[in-house]
Amino acid sequence: MNLNEYAALDGIGLARLVAAGEVSAKELADLALAAVQRVNPQINAVIETWRPTVTEGTGPLAGVPFLIKDLAITSAGRRVELGSRLAQGLVAEADSYLMQRFIAAGLATLGRTTTPEMAFSTETESALQGPTRNPWDTRLSAGGSSGGSGAAVAAGIVPIAHATDAAGSIRVPAAFNGLVGLKPTRGRASNGPALDEVFAGFGVQLGLSRSVRDSAALMDIVQGGAPGDPYHTVAPAEGFLAHVGRDPGRLRIGWLETPWNGAAIDPDIAAASHAVARELEALGHHVEPVSAPLGTSWDSFVEANANIWCATLVRWINGLAAATSRPIDLTTLEPATLACYAYGQQARAVDFAAALDTRNLIARSVAGWFEHFDILLTPTLPRLPQTLNTYSLGAEHMDGLQWTARVFDHSPFTPVFNVAGTPAISLPLGISRNQGLPIGIQFAARFGAEDVLLRLASQLEVAMPWHQRRPDIWAGNA
């Protein structure tokens, strides 16, 4: 097998070759490491590699090369730095529960991917790791906060990589890099043992892939709580992969064209959204424009998230400073992170409690939507990727609330589903007319209904295929 053959296959395709004895897991790992050498200097998505130890997993992704994000997951003896100079050089003592599941499934983890500092951004640029570049156009952002994983998968380094999502951090890089990005329901995967609720339950973990079936297979691997977890969400009896390729039936689809912050939509993205709506109607679904009220104002929504995010960040930063004996200042933290730390220090218990009340309002409102329709269709993002080194301009003059507002205004369609705890998926169903950049379209469903999303996503994967599209930076290129 050569790099072109390797990069052309998704994870399940590679695992089937391993199971048939046509290629070994070691050979695949060697190819993945060669792919890192070929394309990573151009995109800066992978910050560390190692020779993986592959277990004898029997699942649908056994033997497949895999990367983990530098945040929220720990691998024993490997560094976990959260994209921050404050945590530089920290080494994990043990595998987190999620890492244990990846190992048991036979995934061959061979490195770490970039993240913005503390994942508090929807673009992946950090003082520690540098900017991650979009494989479709290296002048542009790869999105965030799972931008390293997104760029690595899009460039063909690995077919699937670990990612996290607390406000859109799986779906944003999926949209920017032309990938499948599924944010699971709250309680699907364990954040333990070091973490329970990440940002009051907003943060979840899964991955980024190039095929719907790979994301479904990864869901089957991570599904299920661990001792002490605050949430346990029941999976379909037959698992998630079984739903890929099944007829979704005639779905009632609400179509939201304007984000909750009222931002204007790029014309190419609006056109892609319209094209998908027409295709859904051609497939027999009922599509109807909706307003989907939040139950609170956008400003109140952002403020609630700022209180929860920034207060949580204080504990993280204090713990890292204690572990590394480093100061908490601009020598160790970026201006935006330091501003969020200061804002979190000022948050009162009553502010945090009020933010949880807002979480409840959002969750009740979102649940109400799905009494009237099965799926909500939106663009994943209102704008195409921006030029690198522009996202953080002026951050040194912002407080934590202002920075949170910038993060949420960049991706106003996505964080609602983190607050509500409901699943959502971004699919690369559009392409911009002039630049040839991928455009993500988001589909959201009621709590626990990833099976519905996967059936619809796999139907669209056939009707509006994306697998033959390749970015300029591609490991399989000669």
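Bear in mind that the values in this text are calculations on the coordinates, not laboratory data. These figures come from a predicted structure and were not determined experimentally. A quick note on method: Cβ atoms are made from the backbone with ideal geometry, for glycine too, and the neighbour counts reach across all protein chains shown.
Determine the dipole magnitude for the stretch 68-120: charges of +1 sit on the beta-carbon of Lys and Arg, -1 on that of Asp and Glu, nothing else is charged, the reference point is the Cα centre, and the result goes in debye to the nearest 20. Please list the in-between numbers first.
On the way: 6 positive and 5 negative charges, 20 e Å.
Dipole of the stretch 68-120, to the nearest 20 debye: 100 debye.
Placing +1 on the Cβ of each Lys and Arg and -1 on the Cβ of each Asp and Glu in the chain, which of A163, T185, Q42 has its Cα farthest towards the positive end of the resulting dipole?
Result: Q42, furthest along the dipole toward the positive end.
Using alpha-carbon positions, what is the distance between the centroids of the stretch 14-50 and the stretch 140-196, in Å?
That distance is 19 Å.
Taking the dipole about the Cα centre of the chain, with the C-beta of Lys and Arg at +1 and of Asp and Glu at -1, give me whichever of T58, A354, P248 is farthest to the positive side.
Checking the options against the dipole of the chain, the answer is T58.
With a cut-off of 8 Å between alpha carbons and a minimum separation of six or more residues, what is the relative contact order of the stretch 3-463 in percent?
17
I'd like the GluC sites (Glu not before Pro) in the stretch 19-55 restricted to DSSP loop residues with at most 11 other Cβ atoms within 10 Å, sorted by number.
Listed in order of number, the matching sites are E22.
Please state the shape class of the stretch 3-463: rounded when a/c is under 1.5, otherwise prolate if a/b exceeds b/c and oblate if not, all from the C-alpha gyration tensor.
On the way: a/c = 1.35, a/b = 1.02, b/c = 1.32.
Rounded, because the longest to shortest axis ratio a/c is under 1.5.
Counting only other residues whose beta carbon sits under 13 Å from that of R16, what net charge do I get with K and R as +1, D and E as -1?
Around R16, the charge tally is -2.
Can you find, among Y97, A444, M464, the residue sitting farthest towards the positive end of the charge dipole of the chain, where Lys and Arg contribute +1 and Asp and Glu -1 at Cβ?
Toward the positive end, the furthest listed residue is M464.
So what's the back-of-envelope 222 nm ellipticity for the chain, counting only DSSP H runs of four-plus at -39500 (n - 2.57) apiece and dividing by all residues, rounded to 500?
Numbers: 14 runs with 175 residues, N = 478.
Taking each H run of at least 4 residues, the total per residue is -11500 deg cm²/dmol.
If you add up the charges near D229, with Lys and Arg at +1 and Asp and Glu at -1, over every other residue whose beta carbon is less than 11 angstrom from its beta carbon, what do you get?
Around D229, the surrounding residues sum to 0.
Once you sort the root eigenvalues of the Cα gyration tensor of the stretch 67-219 as a ≥ b ≥ c, which label holds: rounded (a/c under 1.5), prolate (a/b larger than b/c) or oblate (the other case)?
It comes out rounded by the Cα gyration axes.
Order the peptides 293-302, 1-10, 332-341 from the highest to the lowest mean number of other Cβ atoms within 10 Å of their residues.
The most tightly packed comes first, giving 332-341, 1-10, 293-302.
Treating only the Cβ of Lys, Arg, Asp and Glu as charged (+1, +1, -1, -1), what charge dipole size does the chain show about its Cα centre? Round to the nearest 20 debye.
Numbers: 34 positive and 44 negative charges, 78 e Å.
Magnitude of the dipole: close to 380 debye.
Restricting the count to DSSP beta bridges whose residues both fall in the stretch 3-463, what percent are antiparallel, rounded to a multiple of 5?
Details: 31 of 43 bridges.
The antiparallel fraction comes to roughly 70 percent.
Classify the stretch 383-478 from the C-alpha gyration tensor, please: rounded if a/c falls under 1.5, else prolate or oblate depending on whether a/b exceeds b/c. Provide the component values of the computation, followed by the final result.
Values: a/c = 2.82, a/b = 1.19, b/c = 2.36.
Oblate shape, in that a/c is at least 1.5 and b/c is the bigger or equal ratio.
Summing +1 for each Lys or Arg and -1 for each Asp or Glu, what net charge is found among the other residues whose Cβ lies under 15 Å from the Cβ of L393?
-4
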